[in-house]
Every structure is written in structure tokens, then in C-alpha cells.
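One structure below.
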């Protein structure tokens, strides 16, 4: 059974990104922090770990800003505004971007479901750019229906293992492969990128607007819910058939479609004789 529901992505906990520049190849980074709390503006400054990129040093610290907005004032967030500023060396030019944003995704209507999900965006250009603007929707994808009762937390695990000391844990290919093995995921759809051509003055900017649209949830209904909808459908069909059969009966008897003969009731005759003393 399918129903419409608005998800609650809640806090975003982690992000990982890869930049490809003209000076060096793809360099993975992972930043971990609680960036969004309710409707407040969150800002965090994180120093890039140069060990993840070989011996080359970073140009400075990355700045992440994020805030969520409840446009229709229904108590649930509708839009995420995200901005990431990446300092560059004077000789660096950005040619491609890969970014993973993770969310705490929650559903409370018809099915109680909580998971750590992600959205992946990627863009490349032969011409260096100074800014990437993205406007997308965070959509739910299901391979199987959700349960109708109980709290489902089977995927409430971190998408990025921030505690791992191994570089393979931050490899985007490994992260995406493990994530796609899930039966319930989220993706960034209706992707509309805008690549601002030109050499960045001192930092490269990723500016993203991510919307949380109404979702159609597929779930397994319970017994009483099935009975309720089955009874409504049964009664509606029954009333139609009763009305049709009544019209057919009236037509048959009024127009004498069938040969009929009146029969008077026959009195019952006792099968025994009463005796008097």
C-alpha cells in the first residue's frame, strides 16, 4: 500500500568531498560535525588533514555553513541551505567536484522509520570554475515496502565511518557501493548545477539548496487497515448490485417477462384423527 508522507531529514551529521584540480589529482576529505540544529544557522571551520592528500599542504581551513528552513510553518523542515568554502593555493584550479551529504532521515506516518542516508552530487568541467551552485530534491527510493508497525532502525548507521584510520573508509566509491546495497536509500534528483567559470580568487565555493519534497511511501498494511479498506470497497459494490438487481426484478414482474401463475396457500390438513372420550 502507498501513502503520501513528508520526511524529516533532521540533522546532517557528516560530509565527504573530493576536488580535482589542475595542480593535483582527486583529493578526498571528510568533515564530521553536527551542522544543523533546528532552524538555526550552523557554521564550522575545519582544518584539512594533509595526510589524506599526500605531502601537499592545504591552503587553509574549510568553512561550512548550513541552515534549514520551514517555509510552510508546519513544524517540518522543507529546505536545506548549504555552503562550503574551500581555500585554494594560488596555482590551483578546480575542474571537478564530488560531494556526499549525509542526513538523519525519519518517517513517522504509517511507518516509523529512521536511517542515516546520503545525497551524492558530482560535476566536472574542462574549464576551471570558482563556484558550483546546485538546486536539487532529496528523494526516497525503495526496493521493498516498509513495515507498518514498530521502529525500523536497520539502516540507522553512519554512511561514513569517521572513526576509521584507513583511507579506504573515505573513498567515495566504497562509500557509495556500500550504501547502494541497502533496500531503502535517498538520492539527489532534479539536479540543476550551475558552474561559474573562472579562477577562484582565494577559495572554491559549493552552494547547494536541497529540498525535502512530499514522498509516496510504500508499506505493508496491517490486518485491521486491510479490513477497513476492504469493507468500504465491499459495501460500495454491494449497494450498486442491490440497486441493479432490484430494478431488474421490478422490470421482470411488471412486464411479465417470465410466465407466472398465482398460487394460493393450501391449508394444512392434520394427518391424525382426534378421538373424544
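Go through region 154-168 and report how many residues are touching a helix residue (DSSP H, G or I) at 6+ places or on another chain (Cβ under 9 Å) and over 15 Å from residue 116 (Cβ atoms). Full working, then the answer.
Taking region 154-168 first, the residues touching a helix residue (DSSP H, G or I) at 6+ places or on another chain (Cβ under 9 Å) are 159-164, 167-168.
Checking which are over 15 Å from residue 116 (Cβ atoms) leaves us with 164, 167-168.
The number of residues fulfilling the criteria is 3.
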Checking the condition surrounded by fewer than 16 Cβ atoms within 10 Å (Cβ to Cβ), touching a strand residue (DSSP E or B) at 6+ places or on another chain (Cβ under 9 Å) and either assigned by TED's automatic domain parsing to the domain that holds residue 87 or more than 22 Å from residue 84 (Cα to Cα) (or both), which residue from 127, 187, 159 passes? 127
Looking at region 168-184 only, could you name the residues that are modelled with pLDDT of 85 or more and touching a strand residue (DSSP E or B) at 6+ places or on another chain (Cβ under 9 Å)? 175, 176, 179, 182, 183, 184
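May I ask you to verify whether residue 179 is assigned to a helix (DSSP H, G or I), crowded, with 16+ Cβ neighbours inside 10 Å and out of contact with any helix residue (DSSP H, G or I) (no Cβ under 7 Å at 6 or more places or on another chain)?
Judged against the criteria, residue 179 is a match.
On the basis of being in the same structural domain as residue 189 (by TED's automatic domain parsing), outside any strand (DSSP E or B) and at pLDDT 80 or above, does residue 56 make the cut? First the steps, then the outcome.
Working: in the same structural domain as residue 189 (by TED's automatic domain parsing): yes; outside any strand (DSSP E or B): yes; at pLDDT 80 or above: no.
No.
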Of (1) modelled with pLDDT of 85 or more; (2) over 23 Å from residue 207 (Cβ atoms); (3) buried (at least 18 other Cβ atoms within 10 Å of the Cβ), residue 110 fails just (1)
With respect to the numbered conditions (1) in contact with a strand residue (DSSP E or B) (Cβ under 8 Å, 6 or more places away or on another chain); (2) over 20 Å from residue 141 (Cα atoms); (3) in a loop (DSSP other than H, G, I, E, B), which one is the sole condition not fulfilled by residue 213? (2)
Going by the structure shown, is residue 80 surrounded by 21 or more Cβ atoms within 10 Å (Cβ to Cβ), part of a strand (DSSP E or B) and either without any contact (Cβ under 8 Å) to a residue 24 or more places away in the chain or in the same structural domain as residue 149 (by TED's automatic domain parsing) (or both)? yes
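The values are calculated or read from the model by the stated rules, or taken from the named source; none is laboratory data. Note that the structure is a prediction, hence the values are computed from the model and not measured. Don't worry about glycine lacking a Cβ; one is built from the backbone with ideal geometry, like all the others, and counts go over all protein chains shown.
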